[in-house]
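One structure is given here, and the rest of the page talks about it.
What follows is calculated from the coordinates using simple rules that are stated; it is not laboratory data. Please read all numbers here as calculations on a predicted model, not as lab measurements.
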C-alpha cells in the first residue's frame with residue numbers, strides 16, 4: 001500500500017548554535033519545515049556518497065569558495081589602491 005510511509009523516528013541533539021545554523025539554512029532554502037529540510041539534506045548526502053560524488057561535490061564547493069575569496073580580495077585591493085592614490089595626490 002504505502003511503500004514510502006514515514007513511520008520511523010530519528011532523534012538527535014544539537015547545540016543552540018548548530019540548531020540556529022540548521023534553522024537558518026532551512027529558511028534560506030525555503031523548506032516547508034525543519035524536519036523536511038534535515039531529512040532531505042541527510043538523504044542527499046547519503047545518495048551523493050553512494051554515487052561517489054561526495055568528494056567531487058566537496059572539492060567543487062571548496063574551489064568555488066576560494067574563487068569567491070580571490071575575487072573579494074582583488075576587489076578590496078583595488079579599493080585600497082584607489083584610497084592610497086587619492087591620499088598621495090592630496
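For helix 16-28, what angle does its Cα long axis make with the longest principal axis of the chain, in degrees from 0 to 90 and rounded to 10?
So the helix axis and the longest Cα principal axis differ by about 90 degrees.
Under 10 Å, Cα contacts only: if you run a Gaussian network model on the chain, which one of 25, 67, 79 comes out with the highest mean-square fluctuation?
79
Can you give the calculated 222 nm mean residue ellipticity of the chain, where each DSSP H run of n ≥ 4 adds -39,500 (n - 2.57) and the sum is split over every residue, rounded to the nearest 500 deg cm²/dmol?
-25500 deg cm²/dmol, from helical runs alone.
Scan [x] 55; [y] 33; [z] 30 for the value of percent of Cα pairs over 23 Å apart calculated from this model and give just the label.
[x]
Can you tell me the 0 to 90 degree angle between the C-alpha axis of helix 54-89 and the longest principal axis of the chain, rounded to 10?
Its long axis makes an angle of about 20 degrees.
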